[in-house]
1. Would you say Ser80 is hydroxyl-bearing (Ser, Thr, Tyr), surrounded by fewer than 16 Cβ atoms within 10 Å (Cβ to Cβ) and free of Cβ contacts under 8 Å to residues at least 12 places away in the same chain?
2. Suppose the filter is buried (at least 17 other Cβ atoms within 10 Å of the Cβ) and of a type in the set (Phe, Trp, Tyr); does Phe13 pass it?
3. Considering only region 23-39, I want to know if a residue exists there that is in contact with a Phe, Trp or Tyr (Cβ under 6 Å, 6 or more places away or on another chain) and surrounded by fewer than 17 Cβ atoms within 10 Å (Cβ to Cβ).
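Just so you know, all these numbers are worked out from the coordinates, no wet-lab data involved. Worth saying up front: this structure is predicted, and the values here are computed from it rather than measured. Virtual Cβ from ideal backbone geometry, glycine too; neighbours counted across all protein chains shown.
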Amino acid sequence: MSLDPKTAGLIGFAARSRKLLLGSYSVEQGIRQNKAKLVLAAGDMNPKRIEKLRLWCGDMGIPFLVAGRKEDYGALLRKSPFGLLALTDEHMVSGIIQEGKTNGGD
């Protein structure tokens, strides 16, 4: 499952606005500090890791979506492939959540 264009555009805008946390360490810090407003995981991450993060985000009241692949995230942001990112701006989150639900995301 690849990222749909609208979600990719919103993620790109969040990156340019510096409202994005990239990689496991940054995202976990964002969850701990209540900075993460939405966590996105690549579908090709370890399923046990995805489930652990889904439960943790659920406990913290943070929306969690599985969308795209590691290569999609890396190509979109011109970085090496990575599987985890988080948005820190609530206004950008609603568009991605709506798009994720429309396209069958979790």
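1. Judged against the criteria, Ser80 is a match.
2. no
3. Yes: region 23-39 contains one or more residues that are in contact with a Phe, Trp or Tyr (Cβ under 6 Å, 6 or more places away or on another chain) and surrounded by fewer than 17 Cβ atoms within 10 Å (Cβ to Cβ).
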